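A short worksheet on the structure shown next.
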Amino acid sequence: MQIAAGKRGVSSVILDASALLALLNQEPGGEAVAEVIPGAGISAVNLSEVAAKLAEQGTPWESIRPALDDLGLEVHTFDVEAAYQTGALREPTRSLGLSLGDRACLALGQQLTASVLTSDRNWRELDLGIDIRVIR
C-alpha cells in the first residue's frame, strides 16, 4: 500500500468504501472495481470505513490490514486541504444525505481530477464536475 499526501498521488480512479466492499464481499459491481486495481486510490477516511466494516462482519482484526495492503491501493491522507474541500461539499450534497466519508471520497476525486467508483446510486444525481461511476 502506498501512502500519498495531498495532490501528489497518481490515482486516476478513486474508490468509495462501498465500491471496495463490493469487491471484497464479492457483491454485484465488484468486477468493475477489480478492473481498476491495483493503481486505484482511496481516502484514508474511506479505508477506515472499510476496515471497520470488515471487522464488524467478523474478519479477524489482524488479517484486515494485510488483506487491504495486498490490493496495492494508493491511500491518500486526509489533510487540511482535504478537510476544507470535504466541508465545502456539505451544502451541494445535503439533499442526498451524504456522509463525511462520502464527501471525503468526492473531494479526493475533485483534488485529483479522478473518476470515482461507488455503489451508491443516488450519486448519479450529483453534478460536481467529476466522473462518478456507479458500479451496480
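Each value in this text was obtained by applying a stated rule to the coordinates, not by laboratory testing. The structure displayed is predicted, hence computed values, not measured ones. Heads up, the Cβs are rebuilt from the backbone with ideal geometry, glycines too, and the neighbour counts pull from every protein chain shown.
Across q = 0.17 Å⁻¹, the range 50-136 modelled as identical point scatterers on its alpha-carbon atoms has Debye log10 I(q)/I(0) values of -0.82, in the order of the q list. Relative to the longest principal axis of the Cα atoms of the chain, the long axis of helix 44-56 lies at roughly 40 degrees. Helices in the chain, meaning DSSP H runs of at least 4 residues, each add -39500 (n - 2.57). Divided by all residues, the mean residue ellipticity at 222 nm is -12500 deg cm²/dmol. Annotation: peptides 12-22, 87-97, ranked by per-residue average of other Cβ atoms within 10 Å with the highest first, follow the order 12-22, 87-97. Model label sites at A34 and D69, defined 7 Å from Cα along the beta-carbon direction, differ in position by 2.4 nm. Remark: the range 2-134 carries a charge dipole of roughly 280 debye about the Cα centre, counting +1 on each Lys and Arg Cβ and -1 on each Asp and Glu Cβ.
State the answer as a single residue: which of A22, S48, L106 lies farthest towards the positive end of the charge dipole of the chain, with beta carbon charges of +1 for Lys and Arg and -1 for Asp and Glu, about the Cα centre. The listed residue farthest towards the positive side: L106.
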